[in-house]
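Q: Please find one structure pasted underneath; my questions will follow.
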Amino acid sequence: MTQSLILDVACGSRMFWFDRADPRAIFADNRSESHMLKDRTVPGGLRSLEVKPAVMANFAAMPYPDNTFSLIAFDPPHLTVAGPNGWQAKKYGRLEGNWREMLCQGFAECFRVLRPAGTLIFKWNEHNVPVAQILALTPHRPLFGQRCGKSAKTHWIVFMKEVTA
């Protein structure tokens, strides 16, 4: 068995993965659920959404030792306003309670389990909260990023963990 060097800490339904069962990655999330979502673009008008992590874990308190992973994908929920039964909440999750502290702790945990010189890929959609407010939650400086999507509100941001002597 190959050692997993990649961690997706909030995998959801693994939407951006080319191979949703990639053996090089550990897929973690704090929820496991299945939904049938209305979708006019598919026959029958319903699409299945499966959130089935390999590991049940909260990204703000991960069960891994320090310096474990070479690459981490961090795509946390980004919606602060979403109905509990709405398809967006089911697909992306929701930010609730003291979500700023939760995301701050999530960044800290990602960098704790990331190896020195390891890469963190962070994805954020500005639907409810501007990316600048989110980046203010971590002391780590991003290397570069890219906006994408129909309204250019989705940001892919790359960080690298510092190598300390």
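Since every read-out is calculated from the coordinates, none of them should be taken as a lab result. What you see is a predicted model; the values in this text were computed from it and never measured. Virtual Cβ from ideal backbone geometry, glycine too; neighbours counted across all protein chains shown.
Q: In degrees between 0 and 90, to the nearest 10, how far off the longest principal axis of the chain does helix 99-113 point, with axes built from Cα atoms?
A: Its long axis makes an angle of about 50 degrees.
Q: Filter LYS52/LYS123; LYS123/LYS153; LYS90/LYS150; LYS91/LYS123; LYS52/LYS150 down to the pairs with a C-alpha to C-alpha distance above 18 Å, please.
A: Numbers: LYS52/LYS123 20 Å; LYS123/LYS153 11 Å; LYS90/LYS150 21 Å; LYS91/LYS123 15 Å; LYS52/LYS150 28 Å.
The pairs that break the limit, which is 18 Å between Cα atoms, are LYS52/LYS123; LYS90/LYS150; LYS52/LYS150.
Q: Just to be sure I understand: of the beta bridges DSSP finds with both ends in the chain, what percent are antiparallel, rounded to 5? List each step's numbers first, then the result.
A: Numbers: 19 of 32 bridges.
About 60 percent, rounded to the nearest 5.
Q: Right, another one. Rounded to the nearest 500, what is the chain's calculated 222 nm mean residue ellipticity when only DSSP H runs of at least 4 contribute -39500 (n - 2.57) each, over all residues? Intermediate values should be presented prior to the final figure.
A: Details: 3 runs with 26 residues, N = 165.
When only DSSP H runs of four or more count, the value is -4500 deg cm²/dmol.
Q: What residues qualify as long-range amide H neighbours of PHE69, i.e. H under 5 Å apart, gap of 5 or more or another chain, H built at 1.01 Å from N?
A: Distant-sequence amide H within range of PHE69: LEU114, ARG115.
Q: Label segment 1-153 by shape, choosing from rounded, prolate and oblate, from the square roots a ≥ b ≥ c of the eigenvalues of the Cα gyration tensor; if a/c is under 1.5 it is rounded, and otherwise prolate applies when a/b is larger than b/c, oblate when it is not.
A: On the way: a/c = 1.71, a/b = 1.27, b/c = 1.35.
Oblate, since a/c reaches 1.5 and b/c is not below a/b.
Q: Before anything else, pin down the relative contact order of segment 28-76: Cα pairs under 8 Å, at least 6 apart, normalised by residue count, whole percent. List each step's numbers first, then the result.
A: Numbers: 51 pairs, mean separation 18.3, N = 49.
The normalised contact order for segment 28-76 reaches 37 percent.
Q: Still on this structure, please answer the following. Less than 16 Å from a label point 7 Å out along the Cα-to-Cβ axis of ALA21: which backbone N atoms in segment 39-74 qualify, by residue?
A: Within reach of a label on ALA21: 50-55.
Q: Extension gain ASN128-MET160, at 0.36 nm per residue separation less the Cα-Cα distance, in nm?
A: Details: separation 32, 0.36 × 32 = 11.52 nm, distance 2.64 nm.
Extending this stretch completely gives an extra 8.9 nm.
Q: Taking only C-alpha pairs under 8 Å that are 6+ residues apart, what is the relative contact order of segment 83-165 in percent?
A: Values: 88 pairs, mean separation 26.8, N = 83.
That works out to 32 percent.
Q: Ok, one more. Determine the distance separating the Cα centre of segment 93-165 from the Cα centre of segment 41-61; give it in Å without decimals.
A: Using only Cα atoms, the two centres lie 21 Å from each other.
Q: Could you tell me the relative contact order of the chain? Use alpha-carbon pairs under 8 Å, at least six residues apart, and round to a whole percent.
A: Values: 319 pairs, mean separation 33.1, N = 165.
After rounding, I find 20 percent.
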